[in-house]
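Comments concern the structure below.
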Amino acid sequence: MTSTVPRLVEQFEHGLDAPICLTWELTYACNLACVHCLSSSGKRDPDELSTRDCKDIIDELERMQVFYVNIGGGEPTVRPDFWELVDYATEHHVGVKFSTNGVRITPEVAARLAGSDYVDVQISLDGATAEVNDAVRGPGSYAMAIRALENLAAAGFADAKISVVVTRHNVDQLDEFASLASRYGATLRITRLRPSGRGADVWDELHPTAEQQVQLYHWLVANGERVLTGDSFFHLSGLGEPGALAGLNMCGAGRVVCLIDPVGDVYACPFAIHDRFLAGNVLSDGGFNKVWKDAPLFRELREPQSAGACGSCGHYDSCRGGCMAAKFFTGLPIDGPDPECVQGYGVPALAAERDKPRPAGDHSHGRRRSGPVPLTLTVYPPAPPQRSCNESPV
Amino acid sequence: MRGLLIVSAPAQERGAASSPAEFDPDHAWRLHPQVAIRPEPFGALLYHFGTRKLSFLKNRTILAVVQSLADYPDLRAACRAAGVEDSQQGPYLHALGVLAGSSMLVPTDEEERRA
């Protein structure tokens, strides 16, 4: 009966009237300085959207029937109007899922969250032990996240998410993460490490090895039913039967997902904060709806994409060439293999001469790390602030 | 045919959601009050604010059925009204059963129906 109807994935590739999944980074301010931060966050941008601007965006999202937004940052809860905006969104039928390192999830806040039907909380944790986590997210960040999970559980908040970026150092801890999640009545969510933002500086040393990718794939096939992934591992789908990996296996950038940044710039996806993927600005380009529907970049992304160098590969239908942002930020051609291509085509591409683009914006505290990055697990000691304005914005 | 809908991954273990009612296509059903529908060219998106679960209706006919459920005494009548003859209803009833199983649809209670 539906044989004449194109597959859903193909229809999604032509774009939808509104995004399914919208990420909204509310602020670049952050109390942490994770080495792999996608948005190179740290300091607040002076041109951050005002409370009124944000409410106008929420009104538009309600009209477009964007059912929920994924709010992140930076650390979104450090915005003084954060809870006001969360309440405004949920009153306007825009559900909120927000990502936090836990800094503001006190027992009082947890109790308040437990009282809402429309708010979901995602606590970021990149190690099942403090040693592994704090090497990436900074000293004390493991304890902070666990305290937040404890507060949520104690307040009766059901089904928080523990959000893990899979790295070379934590890929062996997936079962431990799952136990941690069940201990707090939470759901585990694991996503792919992207070479975006500061992630570009550490990707070479942190991304899972080829053997670990296979291990991850099998873990996902065995445990996928209980684990959320944001469908971010579609580059692995060529490792097995089509459909073995749950979720939509396609790049949704500009088609079903996009990102609004703290100053109202709209990017094709949360992993692509760079001029190359900038579609427009909600303030200067006539609002979010107009950018989503008419931005030349988004129209281009909704056109049929060339399989390029992957055209002759039998797995192209499974992985669709992988992640556009991962290719772009590792300096690989967009119409070629993913740097973590499971057929191994990314390896020679990475070994060849390549020019890695620098992120367009950088809100990091102090200077970015430069030069070679240590290959062993190191817990970075807290650096004394060079100037008072480099201190945590919290 | 792979089916008329896709139901997103694990929301079923969400503690807050009540367990789904037993599926009976001869009963009247309606959309859960916390479910919103967004029509799209391919069919529609369904979102349940309680379970945070997203489903995709994969054509316009199943969308028409889901949108008109409240007007009919049972699911077979709703399908028929959308132009799906009894002999073709299998995939539709299956899809509706999956929606009921994820609490997207709830049985209409008798009092409500008579009111």
message: Give me, ordered by chain and number, the residues 5 or more places off A:Gly73 or on other chains with an amide H under 5 Å from its own placed amide H.
response: A:Leu26
field: Centroid-to-centroid separation of the stretch A:93-127 and the stretch A:226-283 [C-alpha atoms, Å]
entry: 22 Å
- prompt: Which one of A:Ala181, A:Phe98, A:Val132 has its Cα pushed farthest toward the positive end of the charge dipole of the stretch A:71-186, where Lys and Arg give +1 and Asp and Glu give -1 at the Cβ?
  reply: A:Val132
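So what is the 222 nm mean residue ellipticity for the protein assembly as shown from helices alone, if each DSSP H run of at least 4 adds -39500 (n - 2.57) and you divide by all residues, rounding to the nearest 500 deg cm²/dmol?
Estimated from H runs of four or more residues: -8500 deg cm²/dmol.
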query: Which lysines have a Cα lying under 20 Å from the Cα of A:Lys97, excluding residues fewer than 8 positions away in the same chain?
result: A:Lys55, A:Lys161, B:Lys53
- request: Calculate one ³J(HN,Hα) per residue across the stretch A:329-336 by plugging θ = phi - 60° into the Karplus curve 6.51 cos²θ - 1.76 cosθ + 1.60, and present them in order as whole Hz with x for glycine and proline.
  value: 7, 9, x, 9, x, 5, 9, x
- prompt: If R0 is 41 Å, what FRET efficiency do you get for A:Glu108 and A:Ser312 from their C-beta distance, rounded to 0.05?
  reply: 0.10
- request: From other protein chains only, count the Cβ atoms within 10 Å of every residue's Cβ in A:57-68, then give the mean.
  value: 2
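Just rank B:Met104, A:Met324, A:Met250, fewest to most, by other beta-carbon atoms within 10 angstrom.
If I rank by nearby Cβ atoms, fewest first, I get A:Met250, A:Met324, B:Met104.
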field: Fraction of beta bridges assigned by DSSP in chain A that are antiparallel (%, nearest 5)
entry: 15 percent
statement: Listed by chain and number, the residues whose amide H is under 5 Å from that of B:His32, excluding neighbours fewer than 5 places away on the same chain and using placed H, are B:Leu105, B:Val106
Peptide-level mean, for B:41-53, of C-beta atoms on other protein chains within 10 Å: 4
- request: Using a Förster distance of 41 angstrom, determine the FRET efficiency expected from the C-beta separation of A:Ser179 and B:His94, and round it to 0.05.
  value: 0.70
task: Please arrange B:Ser87, A:Ser179 by counting, for each residue, the other beta carbons lying within 10 Å of its beta carbon, fewest first.
output: B:Ser87, A:Ser179
Cα pair count fraction exceeding 18 Å, expressed as % - the stretch A:252-345: 47 percent
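So how strong a dipole does the protein assembly as shown carry about its Cα centre when Lys and Arg Cβ are +1 and Asp and Glu Cβ are -1, to the nearest 20 debye? If you can, show how the numbers build up before the last one.
Details: 47 positive and 63 negative charges, 132 e Å.
Rounded to the nearest 20 debye, it is 640 debye.
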task: With θ set to phi - 60°, apply the Karplus curve 6.51 cos²θ - 1.76 cosθ + 1.60 along the stretch A:34-43 and write out the HN-Hα couplings as whole Hz, x wherever there is a Gly or Pro.
output: 4, 5, 10, 3, 5, 10, 6, 7, x, 9
message: Give the separation of the Cα centroids, the stretch A:9-85 to the stretch A:144-188, in Å.
response: 23 Å
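Since every read-out is calculated from the coordinates, none of them should be taken as a lab result. The structure displayed is predicted, hence computed values, not measured ones. Every residue, glycine among them, receives a Cβ derived from its backbone with ideal geometry; neighbour counts consider all protein chains shown.
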